[in-house]
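Structure first, then comments.
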Amino acid sequence: PHFIISINDRSDAICFNIDGKPGAILNVVTDPSTDFVVNGELIGEKKIEKNVKMNTYFGKFGIVNNQMDMKVEVSTKMITVFHGEDKIIFPWSSTASLTKESFSISIAKEKNLTLTMGDDATFVIVLHRVWKNHPLHRDFLGFYTLDSHRLSNRTHGLLGQFYREVNAEIYNIRPGLDQGKPDATMIVKGHKLRVTRGYQKDYRLDPKRGTNIPCWFVHYNGKGFIDGIPTDYVVTSLF
Amino acid sequence: TEEHGKKRDLEIHAMKIESKVSSRFAHTVVISQVLNRANVSKEAFFEIELPKTAFITNFSMTLDGVTHVGVVKEKEVAQKQYQQAVSRGQTAGLVKVSGRKMEKFKVSVNIGPNKKVIFELTYEELLKRHLGAYEMQIRVKPQQLVNHFQIDVHIFEPQGIAFLNVDANFLTNNLTSIVKKTLTGTKAHVSFKPTLEQQRKCPDCHETILDGDFIIKYDVNRDLSAGSVQVVNGYFVHHFAPANLARIPKNVIFVIDHSGSMSGTKMRQTNEALVKILGDMDTKDHFGIIIFDDNIDTWKDTIFQATLENVFEAKKFVKTISARGGTNINDAMVKAVRLLDKAYQDKQLPERSVSMIILLTDGHPNSGESNPTRIQQNVKNVADGKYNVYCLGFGYDVNYNFLEIMALENNGVARRIYEDSDAPLQLQGFYDEVANPLLLDIEFQYPENAISESTQANFKHLFAGSEIVVAGKIVDNSLDYLRADVIAKTANENLTLQAEVKISGAENITQQQQYIFGDFTERLWAYLTIQQLLEKRISAETDEKKNLTDRILELSLKYSFVTPLTSMVVTKPEENKNDTFVADKPSEDEKVARPSFPGHSMVDSD
C-alpha cells in the first residue's frame, strides 16, 4: 500500500510505500490514551507474475474502540460491527448508518464507510471495486484520516505517528533518475533523506480514477521517515 | 372412470390449480371441469379449501357455454338475496371455517345429462413470512381420479429465491419425482401433473392418493439493508426483513390459567410446552411466571434472568402446576404488569429490551373482575403501551374476541391453540415467533409529498423469521427515484438504512418479466390496507369503527375482495329458475368446529 502524509501545514505531502507479505497485519493507528486501534491486513494480486515485484493492498481493516466496547471489521465483502458478544453484518450493497452515542458508522453503498467518534476523529474507508474477472487485481480498501485532532499525543502506528504536525525541510531540488521526476534532500525527524518528486492517488472524491496528489516519495519503505522499520508495525491479529 | 365396475355418473374431467406469486403476493386460480355421463340430471359439487388469510376475488361457473360470474356486494345487500334463497329452502353460506388454516368454499349445480360444467375460483393472499419462510398451502382433495390434474405454481421474487421446498403428505416416496421443481435466481416453477395411473392408490383400484396438502415453502435472499422496494403502475411495496442483526434480550411474563377447565390434557400439554419453552430461553432473557385460578400465584414473585439454575428451578415449579378453581384473568394480568414495572424500577432489566406478557387461557373470566370490557380497560391502563400482550386462547370455549381485543390494544396478537395432540407444539411455535426480537421502534420514511395512503409505517418490533411489508401510492408524477429510509433501534445502536429505487427502471423490469400479473402492487396494497384496517376495527371506538368500515367496504368492492364486510353473490343456473348463493368470509371469533369423534360414523345424502 501507499501512504500520503501532509507536511508543513498541509502545504506539501510526503509519500511512501510499504511492501509486505499478503496476510500480514500492520498497525495503522494506535492511541493508548483513548484505547483506539486501527489495523490493516494486506492482500496481494490473484496471481504472481515471474520477475515482477508483487504489489500489496489493504484488504481488511480492524478498528477497535475499547471505550465504547465496539469493534468494526471492514473487508472488501462486508462490514461487521461487534458490540460485546453481539455482531451486526452489513454488506457493501447497503446504504446504512449505525450510531451509538457519539460513535457512528455510515456506509455509502458500494463506495465508502465513514467512521466518526464524536468530534474526536473521523476516518473514511474507501472501497475499490475491481472487475471480478480481472486476471490479476482484486478489490481493495483505502483508509483516510479526515480528522484526528482529539487523539492523544501518544498516538502511533504507520499513519498515527504523523497525526502530530510533521515538519520537513526540502532543499537541493535537482534532476532525478527519471525525467520529470526531480530528486531533493529532505530533513525530517533528524534524518537526511533523498526523496523523489512524484504523484500518488487520493480516491476519496473519485474512487475510480482518483485525484493526483504531488508528493515527495521516500524510498525503501519510508526508511527514515517512519519510526523504525515496517516489521515493527506487524501485529498478530486485526483486533 | 369406473367405480366398482360401474361407470361414474359425474366425472371430474380436468382440475387445474394455477398460482402466480410475485413479491409474496399470490394469485391462485382453481379450475374444475365436471362431466355428467348419466342420462339424468345430476348435482355436481365444487368444494375447495383455501387459506383463511386469502380473499376470494372471483368465481364463475360455465354451463351450456353460458358463464355465470359471482359479484362482490356489500354484505347487507347480499343478505337480502341470501334471505330469499333461504326462504326458498336453498343452501346458502358457501364458505365455512375448515380447521386451523383453511376455509371451505362449496357450491353445487345441476348438470343436465351428458353436459359439463366448468367451475373457476380465484383467490389472492399475501404470503406471510413465518419462522423464516413463506408458506403456500394448496389443499388437494378431488375425491376421484381426474383425467387431467395439474398444479402449477410460478414464483417471481426480485430479491432472489434462497430456497424452495415442496412437500405433499399424500405422495409416497416413489412418487415424489412427479413434482417438478425448477429454480433459477429470481424465478421458480413448481409443477405437479400426475397421470391417472399415478393417482391410483393401488394398481386396479379407483381410489385416489390425492388427498392432503401440497405445501410450498421458500424464502428470499436477504442481508442487512433497507430491503426490497418495488414500484409498479404507481404503487410501491417495501419488504423489510434484514439479516445479520444481533437479537435484543426480552423479558417475558408467562400468565398461565390453571382453572378447573384446564384439567387433564390441556394442563399436561401446557406444562409440557412451558418446560420446553423455558429450556429454549436465551440466557440474556428475563422471565417470570404467574399462575391463576380464583387466586393469583407467582413463581418467586419477581423476574429472573434465564440462567441455567433459574430455568431449572422454574421447570420444577411448572411441572407441579395443576388445575383447579375459577378464572381471574384481570388480577393475573395486572399482577404481570406490576412485576415488569417493579423490575424496571429496580433496574433489573436491560436498558434496551422487549418486555412482553404471554397469557394462556382456555375460558371466560368468571372470578374477580369478570366483565371483559373492564378487564380490557384495566390491562390497557396499567400496561400503558409499555409491554406487548400476547393472548393464546386454548380450546373451543375460549372467549376469543375478548382476548383478541386485549392483545391488539397492547401491541400484541391473539392466537388460537387448537385442542389436539400437537397443542404443545402450537404453543412452542407461537413462542418461537416472538422469541428473538431484532429491532425496536421501526419507522419507515418516504418522501412526504410524493406518496399517499401508505399502509402502517411504524412498528414496535421486528422478530427474527418475520417480515414487515409497507405499501402505498405514488402521487408525485415527476418522481424519478423513490427513496425509503428505515430508522430503528438494534440491541445496542441506532440504525438507519436507506434504499433508493429508480421508478421507471423498476417498472421496466417488471414489464420485461412478462411473468406476473401487472397490477400486483396495487392489489397487494389494497389487500394489506384491508387486512390492517380489519385488525384496527376490532378494537376501535364507535365513530372510528364506522370510518374504518366504510373504507374497508369501499376497497373490498373496488378490488372485488370477499372480506368479512362483503359477500359474493353467485347466481346458480337451474332449470326454469335462477337461485342465488352467497359466499361470505367467516371470522375468527366464530366458534371453531369441533372435530368429529371416531366411532360416530356420519352418513349424508351424498
### Message
For the condition out of contact with any Cys (no Cβ under 6 Å at 6 or more places or on another chain), farther than 19 Å from B:E493 by Cβ and basic (K, R), what is the one hit in A:K111, A:K87, A:K71?
### Response
A:K111
#### Entry: Cβ pairs under 6 Å, 6+ apart, first in region A:126-155 and of a type in the set (D, E), second in a loop (DSSP other than H, G, I, E, B)
A:D139/A:T76; A:D139/A:R129; A:D139/A:V130
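For the structure I just gave you, tell me whether B:L524 is buried (at least 21 other Cβ atoms within 10 Å of the Cβ), assigned to a strand (DSSP E or B) and at pLDDT 60 or above.
No; evaluated as a whole, the condition is false for this residue.
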### Query
What are the residues in region B:527-571 that are out of contact with any helix residue (DSSP H, G or I) (no Cβ under 9 Å at 6 or more places or on another chain), at pLDDT below 95 and crowded, with 19+ Cβ neighbours inside 10 Å, if any?
B:S560, B:V570
### Message
If I filter region B:181-192 for residues that are of a type in the set (G, A, S) and either over 30 Å from B:V220 (Cβ atoms) or not in a strand (DSSP E or B) (or both), do I get at least one hit?
### Response
yes
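Small (G, A, S), modelled with pLDDT of 95 or more and surrounded by fewer than 17 Cβ atoms within 10 Å (Cβ to Cβ), is that true of A:S237?
Against the criterion (small (G, A, S), modelled with pLDDT of 95 or more and surrounded by fewer than 17 Cβ atoms within 10 Å (Cβ to Cβ)), A:S237 qualifies.
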### Query
How many residues does region A:97-114 contain that are within 13 Å of chain B (Cβ to nearest Cβ), closer than 20 Å to B:A246 by Cβ and within 23 Å of the chain's Cα centre (by Cα)?
7
### Task
Quickly run through region A:44-63 and pick out the residues that are at pLDDT below 95 and among the hydrophobic types (A, V, I, L, M, F, W, C).
A:I48, A:V52, A:M54
### Message
Quick check on B:D384: is it surrounded by fewer than 19 Cβ atoms within 10 Å (Cβ to Cβ) and either over 30 Å from B:A243 (Cα atoms) or in contact with a strand residue (DSSP E or B) (Cβ under 8 Å, 6 or more places away or on another chain) (or both)?
### Response
yes
### Task
Would you tally the residues in region A:87-119 being closer than 17 Å to A:G142 by Cβ and among the β-branched types (V, I, T)?
3
### Filtered residue count, region B:297-330, keeping only those that are under 14 Å from B:H258 (Cβ atoms) and within 33 Å of the chain's Cα centre (by Cα)
9
### Message
Within region B:175-184, does at least one residue satisfy the condition of being in contact (Cβ under 8 Å) with a residue 12 or more places away in the chain and under 24 Å from the mean Cα position of the chain (by Cα)?
### Response
no
### Query
Which condition number does A:T145 fail, the rest of (1) modelled with pLDDT of 90 or more; (2) farther than 26 Å from A:G23 by Cα being met?
(2)
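Okay, residues lined up against (1) buried (at least 20 other Cβ atoms within 10 Å of the Cβ); (2) modelled with pLDDT of 95 or more; (3) of a type in the set (A, V, I, L, M):
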residue: B:V379; (1), (2), (3): yes, yes, yes
residue: B:N399; (1), (2), (3): no, no, no
residue: B:N411; (1), (2), (3): no, no, no
residue: B:I417; (1), (2), (3): yes, no, yes
residue: B:G429; (1), (2), (3): no, no, no
residue: B:L438; (1), (2), (3): yes, yes, yes
residue: B:Q445; (1), (2), (3): no, yes, no
residue: B:E467; (1), (2), (3): yes, yes, no
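Quickly run through region B:190-222 and pick out the residues that are within 30 Å of B:N244 (Cβ to Cβ) and buried (at least 16 other Cβ atoms within 10 Å of the Cβ).
Scanning region B:190-222 gives B:V190, B:I216, B:K217, B:Y218, B:D219, B:V220, B:R222.
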### Query
How many residues are of a type in the set (S, T, Y) and within 14 Å of B:V237 (Cβ to Cβ) when one looks only at region B:516-555?
3
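Step by step: first the residues of region B:223-237, then only those that are out of contact with any Leu (no Cβ under 9 Å at 6 or more places or on another chain) and on the phi > 0 side of the Ramachandran plot, then the one that is surrounded by the fewest Cβ atoms within 10 Å (Cβ to Cβ). Which residue is that?
By that ranking, first place goes to B:N233.
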### Task
Write out, first by first residue and then by second, each pair whose Cβ atoms fall under 9 Å of each other, whose residues are 6+ apart or on separate chains, and whose first residue, in region B:473-487, is in contact (Cβ under 8 Å) with a residue 12 or more places away in the chain while the second is crowded, with 16+ Cβ neighbours inside 10 Å and acidic (D, E).
B:K473/B:E522
## Note on the structure
Among the residues of region B:185-202, the number that are among the polar types (S, T, N, Q) and free of Cβ contacts under 8 Å to residues at least 24 places away in the same chain is 2
#### Entry: Subset of region A:53-91 that is within 18 Å of A:I107 (Cβ to Cβ), basic (K, R) and more than 8 Å from chain B (Cβ to nearest Cβ) - its residue that is surrounded by the fewest Cβ atoms within 10 Å (Cβ to Cβ)
A:K77
### Summary
Counting only residues that are of a type in the set (A, V, I, L, M, F, W, C) and within 14 Å of chain A (Cβ to nearest Cβ), region B:237-278 contains a total of 6
#### Entry: Selection count where residues are more than 30 Å from B:R374 (Cα to Cα) and in a loop (DSSP other than H, G, I, E, B), scope region B:304-330
3
### Task
Go through region B:408-455 and count every residue that is of a type in the set (D, E, K, R) and over 17 Å from B:M267 (Cα atoms).
8
#### Entry: Selection within region B:487-504 - at the interface with chain A (Cβ under 7 Å from one of its Cβ atoms) and of a type in the set (S, T, N, Q)
B:T490, B:N492, B:N494, B:T496, B:Q498
### Message
Being at the interface with chain B (Cβ under 9 Å from one of its Cβ atoms), of a type in the set (S, T, Y), outside any strand (DSSP E or B) and over 30 Å from B:D282 (Cα atoms): is that true of A:S33 here?
### Response
no
### Query
Got at least one residue in region A:210-220 being surrounded by 16 or more Cβ atoms within 10 Å (Cβ to Cβ) and more than 25 Å from A:G20 (Cβ to Cβ)?
no
### Task
Could you tell me which of the residues A:S94, A:S104 is buried (at least 20 other Cβ atoms within 10 Å of the Cβ), within 22 Å of B:G227 (Cβ to Cβ) and touching a residue at least 12 places away in the same chain (Cβ under 8 Å)?
A:S94
### Query
Can you tell which of A:D9, A:D19 is outside any strand (DSSP E or B), closer than 19 Å to A:Y144 by Cβ, more than 14 Å from every other protein chain (Cβ to nearest Cβ) and charged (D, E, K, R)?
A:D9
### Query
Counting just the residues of region B:469-507 that are of a type in the set (S, T, N, Q) and either assigned to a loop (DSSP other than H, G, I, E, B) or out of contact with any strand residue (DSSP E or B) (no Cβ under 7 Å at 6 or more places or on another chain) (or both), which one comes out modelled with the lowest pLDDT?
B:S504
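The values are calculated or read from the model by the stated rules, or taken from the named source; none is laboratory data. From a predicted model like this one, the values you see are computed outputs, not experimental measurements. No Cβ is skipped: glycine too gets one built from the backbone with ideal geometry, and neighbour counts run over all protein chains shown.
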